[in-house]
Amino acid sequence: MHILKSITLITLSASLLLSAPQNKKASELDKVIKIGDRSSKLLIKTLGKQMKSKLKKDGVMKALDFCANEAYNITQKVNKKLPKGVRVKRISTKYRNPANAPKDNELAVLESFQKIKNSNIIMPKQLVEQVDEKTFKYYKPLFINNKACLACHGTIKDVEIRRAIAARYPIDSANDYELGDLRGAVVVTIIKSAK
Ligand code: HEC
């Protein structure tokens, strides 16, 4: 009886010890996903809302100016609203602004999203990369989910608009997308503050 009790105790404490780090990891991942969800939504909502209202009110040319001049500033403003150590940005393999080119593992993640899409595997809501002990990257796939996107990222027939884009972005490759295509990803970098 006595021996059995000790064995049970030992097994119990061993399993607790073993599961503790895993629980910690799981709750850490939950937190990363929560912050990533919130931050990526804030960027997409803020950019989308302003771009769409500009497009409706002033047409494609003015909206293009707006995107070219303000996308960066709006992203910086959103970053200022996020908690310390959290930053958000957009990336794409077919980028318009070279500042949005994928870096480090970002290209591998974008290529994985594309492979998943091509294989008809259900797209995950997000992928998470642990960069180092303190740093995580949250990736949310971004799609051409609205006809409005095609005005500036589709096959553009309007010569004026094509010229206006080329004048601002000489090495632009963010064209010829179709509705439903993977456009890129929102990346949220989360650096845990030292506790
Ligand atoms: C009025 C024109 C316009 C419309 C409409 C538009 N975009 Fe863009 N988009 C741009 C411009 C200009 C840039 C480059 C911004 C910069 O310089 O940072 C850009 C950049 C991006 C980027 C960053 C990667 C890159 O290529 O530099 C993503 C992702 C993106 N757009 C997705 C979308 C999606 C999704 C939609 C539809 C909801 C959309 N865009 C609608 C003009 C537009």
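The values are calculated or read from the model by the stated rules, or taken from the named source; none is laboratory data. Worth saying up front: this structure is predicted, and the values here are computed from it rather than measured. Neighbour counts are summed over all protein chains in view; Cβ atoms, including those assigned to glycine, are modelled from backbone coordinates with ideal geometry. With ligands, DNA and RNA removed, areas are computed over all heavy atoms of the protein, side chains included. Shrake-Rupley method; radii C 1.70, N 1.55, O 1.52, S 1.80 Å.
With Cα atoms as the point set, the stretch 84-191 shows a radius of gyration and Dmax of 15.2, 50 Å.
Of the peptides 135-146, 29-40, the ranking by mean beta-carbon count within 10 Å, highest at the top, reads 135-146, 29-40.
Using just its DSSP H runs of length 4 or more, each adding -39500 (n - 2.57), the chain gives a mean residue ellipticity at 222 nm of -20000 deg cm²/dmol after division by all residues. Per residue, the Cα convex hull of the chain amounts to 151 Å³. By accessible area, using a 1.4 Å probe on protein heavy atoms only, the stretch 110-195 has 53% of its surface on carbon and sulfur.
What the stretch 36-195 shows is 61 Å² of accessible area per residue, with the surface traced by a 1.4 Å probe over protein heavy atoms. In order along the stretch 35-48, phi translates into HN-Hα couplings of 5, x, 4, 5, 5, 5, 4, 4, 5, 5, 5, 5, 5, x Hz, rounded to whole numbers, per the Karplus curve 6.51 cos²θ - 1.76 cosθ + 1.60 with θ = phi - 60° and x for Gly and Pro.
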